[in-house]
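*Asks:* One structure coming up, written as structure tokens, with questions to follow.
What follows draws every value from the coordinates through simple rules; no lab data is involved. All values reported here derive from a predicted model rather than from experimental measurement. Here the Cβ positions follow ideal geometry from the backbone for every residue, glycine too, while neighbour counts run over all protein chains shown.
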Amino acid sequence: SKAELRQEGYSFNEQMPVGIMVEVPAAVTMADQLAAEVDFFSIGTNDLSQYVMAADRTNPKVAKLADALEPAVLRMIQQTVTVAHQAGIPVSVCGQLASNPVGIPILLGLGVDELSVNPPAIATVISVITQLSINQAEMLAGEVLQLDSALGVKEYSATRKAIGNRQ
């Protein structure tokens, strides 16, 4: 932290924001205390998913269980965003969910402030964002948090998109 750098006599830019990666359930449950120490949170959805779902994403036998669209993961994202915003700090999301066309509206609806994606995904993110309102995203997020599986979230989102395209 900045206090430690000062104490050890290092020179640094005092205006540089200091944040943390929220990638494990312990960080989510301690977010209120962590928020008091940092300027921002960045949620790493790939790692958070595997630790919430207790499924190693590098193990082909269980990797599919570590889906960031699992409602348990989405609820942890919601909890983190709520606590961060109460503390007045922004939240970004990185990982595959940030560029997933199903996940983008949900993340925006949960109140995520920024999406961190690889350059090839920028066009997809822009396309998805420009096709919805924040009210639609908030409604979708609230609805999918009540579902019981990533498959349910994907199916529900596809149905909502199909209905929206016909109107």
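*Asks:* Alpha carbon centre of segment 89-112 versus segment 58-87: separation in Å?
*Replies:* Between the Cα centres of segment 89-112 and segment 58-87 lies a distance of 11 Å.
*Asks:* Hey, got the dipole for the chain? About the Cα centre, +1 on K and R Cβ, -1 on D and E Cβ, debye to the nearest 20?
*Replies:* My answer is approximately 640 debye.
*Asks:* Hey, what D do you get for the chain in µm²/s if you plug the Kirkwood alpha-carbon radius into Stokes-Einstein at 4 °C and 1.567 mPa s?
*Replies:* My calculation gives 77 µm²/s for D.
*Asks:* Segment 48-104: which trypsin sites (Lys or Arg not before Pro) are DSSP loop and have at most 12 other beta-carbon atoms within 10 angstrom? Don't jump to the answer; show the numbers that get you there.
*Replies:* Details: sites: 57, 61, 64, 75; in loops: 57, 61.
Those that pass, being in a loop and sparsely packed, are 61.
*Asks:* Can you give me the Kirkwood hydrodynamic radius for segment 55-127, using every pair of distinct Cα atoms, in Å to one decimal? Intermediate values should be presented prior to the final figure.
*Replies:* Details: mean 1/r = 0.0763 Å⁻¹.
Over segment 55-127, the inverse of the mean reciprocal pair distance is 13.1 Å.
*Asks:* Given the -39500 (n - 2.57) contribution per DSSP H run of 4+ residues, what per-residue ellipticity at 222 nm results for the chain, rounded to the nearest 500 deg cm²/dmol?
*Replies:* Details: 9 runs with 83 residues, N = 167.
After summing the helix terms and dividing by residue count, I get -14000 deg cm²/dmol.
*Asks:* Just need the relative contact order of segment 1-136 here, percent rounded to a whole number, with Cα pairs under 8 Å and 6+ apart. Don't jump to the answer; show the numbers that get you there.
*Replies:* Details: 193 pairs, mean separation 26.8, N = 136.
Relative contact order of segment 1-136: 20 percent.
*Asks:* Just tell me which lysines come within less than 20 Å, Cα to Cα, of residue 64; anything on the same chain fewer than 8 places away is out.
*Replies:* Counting by Cα, and skipping residues close in sequence, residue 64 has these lysines nearby: 154.
*Asks:* While we're on this one: Within segment 5-82, which chymotrypsin sites (Phe, Trp or Tyr not before Pro) sit in a loop by DSSP and count at most 13 neighbouring Cβ atoms inside 10 Å? Intermediate results must be reported in sequence, preceding the final value.
*Replies:* Numbers: sites: 10, 12, 40, 41, 51; in loops: 10, 12.
Within segment 5-82, the qualifying chymotrypsin sites (Phe, Trp or Tyr not before Pro) (loop, at most 13 other Cβ atoms within 10 Å) are 10, 12.
*Asks:* Once you've got the GNM for the chain with C-alpha springs shorter than 10 Å, pick whichever of 14, 23, 155 has the biggest mean-square fluctuation.
*Replies:* Greatest mean-square fluctuation among the candidates belongs to 14.
*Asks:* Moving on to the next point. Cα convex hull of segment 1-86: mean projected area in nm², to one decimal?
*Replies:* Orientation-averaged projected area of the Cα hull: 6.7 nm².
*Asks:* Okay, next question. Within the chain, which complete DSSP H helices have Cα atoms spanning at least 20 Å along the helix axis and a mean Kyte-Doolittle hydropathy of 0.0 or higher?
*Replies:* Within the chain the helices that satisfy the rule are 71-86.
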